[in-house]
Amino acid sequence: MPSGFKVNNVDFDSLFETPRVGTAGLATGFKVGGTDINDRYTAGSYPSITTGFKVGGTDINNSFQEAGGTTTTTTTTTTTTTTTTTTTTTTTTEEPTTTTTTTTTTTEVPSYAVTKSVSPVGGGTVNWQAGYEPDVAPNKYYPGSVVIVTESANSGYVFDSWTITGVTGDTSIPGEVSFVMPTNAVSVTANYNVVTTTTTTTTTTTLEPLSVNPTTLAANGTCDSATFCTATSESVGAGASGGSGSYSYQWNINNPSIVILNPTSASTSFRAFGLYCELCGPPTTETGTAYVVVTDNVTEEVVTSANIAVTLTNDRALANCDPCE
């Protein structure tokens, strides 16, 4: 065997020399390639190795001949190219993939029309309140939507009322109507009236201030009967002027013994009563202060006259009384 031939760092050349025939020189259990080669080299025999037994790619059977043969030392230069193949195994663990399928079902929500108009035509305009325009142009809303319609009168017209069909609207805010859209069509009409121009002619009549100037006459006493004498005055006129010319009168006197015969006339008479004849007394005199209040029946202006002195004298001689005993 060539010198330097080693297996597992053991020089086979030093173990198997010709003079050492019969002695294997290998420890029991010495294995090459998983084969216990000690079994092949037993004491008392030459090495016997099966043809083709190789170590490191060299057929060592050629190096050891049978007993009695010639040991041929074959020097074989073997160039061993060791190719180290690194196999990298990449294990990819694939995460479970969850596939979510979303099914979108589109259900068309019905919308309903809101028809807006004005009456009469040209009376004004109606519009959607800003922010409450139709859900579906030009005039449709979905049920539950809030609808607000506003109105504006044109020149020569004035707003009167709303006419609403298909729903009950809220008209509490001037100039607009609102409602929640039902599941049916709705119509809204703004009603207007023509502005009527009224010409008022005012006639101003300048009236003179109301005044009164009663006329006073001297009173003469007379007797109505032999037993019951009265003293009367001549009639007195109020003489009202100015104002509207329609007057009311009220005569007054401060002596309760003097009676005003017709206190609400333009002229009146005063009378005083007494049993002068029966008493056969001296002549008596009643005095008082009278005045008249004049009212303008149109302007309700009130004027009070100056005081009128009233004197009533009862003279037996003038009363035609019987002579006293």
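Just so it is clear, none of the values below were taken in a lab; they were calculated from the coordinates. Keep in mind that what you see is a predicted model, and the values were worked out from it rather than measured. No Cβ is skipped: glycine too gets one built from the backbone with ideal geometry, and neighbour counts run over all protein chains shown.
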- Task: Sticking with the crude label model, points 7 Å out along Cα→Cβ, report the distance from Glu208 to Thr107 in nm, one decimal please.
- Result: 9.5 nm
- Task: Using amide H atoms built 1.01 Å from N in the peptide plane, name the residues 5+ places from Ile308, or on other chains, whose amide H lies under 5 Å from its own.
- Result: Ala290, Tyr291
- Once amide hydrogens are built 1.01 Å from N within the peptide plane, the residues lying 5 or more places from Val118 or on another chain with amide H under 5 Å from its amide H are Ala190
- Please give the contour-minus-distance gain from Ser235 to Ser178: 0.36 nm per residue of separation, less the Cα-Cα distance, rounded to one decimal in nm. 12.7 nm
- Item | Residues whose placed amide H lies under 5 Å from that of Thr299, excluding near-sequence neighbours | Ser244
